[in-house]
Amino acid sequence: QVQLVESGGGLVQAGGSLRLSCAASGSIFSINTMGWYRQAPGKQRELVAAISYGGTTNYVDSVKGRFTISRDNAKNMVFLQMNSLKPEDTAVYYCNAALQTAWGARVYNYWGQGTQVTVPS
């Protein structure tokens, strides 16, 4: 079994910062891409940021220059540093990992349970 556990969400005033963390544990052979998605009420889940095993990153345009994704491969963790937060960043943030549970196994996507980020207007 594989588990992804997020932490670090909360309520922060506009202009403030939060740091999200996600730890993957269980039967993991290797993790390819890790990422953060978010889903606001009444909206579809969207990719916020992703990072490859080698450190290549990509971001949705609305967070470029404000959010930074990073990972610790040795600890199977991914982080999202969120600065200059805006009310439109309010959403449930989900951690995602594309990983293999054994050598040669198919790559599957796994999800965390989500953590709420609220930025009041």
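The values are calculated or read from the model by the stated rules, or taken from the named source; none is laboratory data. A quick note: this is a predicted structure, and the numbers were derived from the prediction, not measured. Positions of Cβ are backbone-derived with ideal geometry, glycine not excepted, and every protein chain shown enters the neighbour counts. Keep in mind that these areas ignore ligands, DNA and RNA; they rest on the heavy atoms of the full protein, side chains included. Shrake-Rupley method; radii C 1.70, N 1.55, O 1.52, S 1.80 Å.
What fraction of the DSSP beta bridges in the chain is antiparallel, stated in percent and rounded to the nearest 5?
Antiparallel: roughly 95 percent of the beta bridges in the chain.
Could you check how much of the accessible area of the chain is carbon and sulfur, as a whole percent, using a 1.4 Å probe?
Its accessible area is 49 percent carbon and sulfur atoms.
Please list Glu46, Glu88, Glu6 in order of solvent-accessible area, largest first, computed with a 1.4 Å probe with all protein chains present.
Final ranking, largest accessible area leading: Glu88, Glu46, Glu6.
Leaving ligands and nucleic acids out of the surface, order Asp61, Asp89, Asp72 by accessible area at 1.4 Å, largest first.
Asp61, Asp72, Asp89
What translational diffusion coefficient, in µm²/s and rounded to a whole number, does the Stokes-Einstein relation yield for segment 55-103 at 4 °C and a viscosity of 1.567 mPa s, taking the hydrodynamic radius as the Kirkwood radius over Cα pairs?
The diffusion coefficient I find is 101 µm²/s.
Please calculate how many Å² of accessible area the chain carries per residue, with a 1.4 Å probe and no DNA, RNA or ligand atoms counted.
53
Roughly what percent of Cα-Cα pairs across the chain reach past 21 Å?
Result: 34 percent of Cα pairs exceed 21 Å.
Counting Lys and Arg as +1 and Asp and Glu as -1, each charge on the Cβ, what is the dipole of the chain about the Cα centre in debye, to the nearest 20?
Dipole about the Cα centre, nearest 20: 60 debye.
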